[in-house]
Amino acid sequence: MIATMLQPLSAPRTPAIGRWIAICILTTTGASMLSAQSQLGRSPYLLHISGKVVDVENKLLGDATIAIDTNGTQVAEFQADAKGRFAFDLDIGGFYGITAHREGFVRKRFIVDARTDEPARVITGPFSAEVTLSLEAEFANMDITDLYYPFALVLYSKKDKAFIADPEYIAERQQVEAALRLGAARIRKRQNK
């Protein structure tokens, strides 16, 4: 099952500096800040995203790699902390792909469409994202191309004045992953006869 939570919490609007994406890496001793220049961010507002990477048994996956791209160009990459936690800010106005990966696991990706025509009215987060990674070995001898599609799509809701995850899209992606998981179990069962 893919556990996905992307929900706004109350937080003040924060002005950005120019066209920068600020990435906060949580560590066990505190937080350190990395910055990567974004070519698309034009908004003076930031969208705050934090989360964790876990396996299918909900065990934290430390040291997962988090990559951020925009229009197919990677703009930042960093490691989640030892407990799988990560946090970063995205310029409102951009379109981003966020990918989590760890050796031996199938990578997961979600899309954040941070474009809006009313950035001053946006509730900027933080948003919480739980990314569940599956072992590659679980899908041995299978075409898992469908797992590489984004598992969540985050869009601006004028009604909520916030960025929210599309629950119907997430449900569809969960059904695809469940079907692949079932197919993999059937293949393993036949191989063990």
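Once the Cβ-Cβ distance between THR145 and THR73 is put in as r, and R0 is 22 Å, what FRET efficiency do you end up with, to the nearest 0.05? It comes to 0.50. Treating r as the C-beta distance of ASN58 and ASP160 and R0 as 41 Å, the FRET efficiency rounds to 0.90.
Between amide H atoms placed 1.01 Å from N, distances below 5 Å from PHE127 occur with HIS48, ILE49, SER50, all of them 5 or more places distant or on a separate chain. Backbone geometry of the stretch 132-138 corresponds, through the Karplus equation with coefficients 6.51, -1.76 and 1.60 at θ = phi - 60°, to 3J(HN,Hα) couplings of 9, 9, 9, 5, 4, 4, 4 Hz, x marking Gly and Pro. About its Cα centre, the stretch 20-191 has a charge dipole of approximately 320 debye under the convention of +1 per Lys or Arg Cβ and -1 per Asp or Glu Cβ, with nothing else charged.
Readers should treat all values here as calculations from the given coordinates under stated rules, not as data from a laboratory. As the structure is a prediction and not an experimental result, all values here were calculated from the model. Ideal geometry is used to build each Cβ from the backbone, glycine not excepted, and the neighbour counts take in all protein chains shown.
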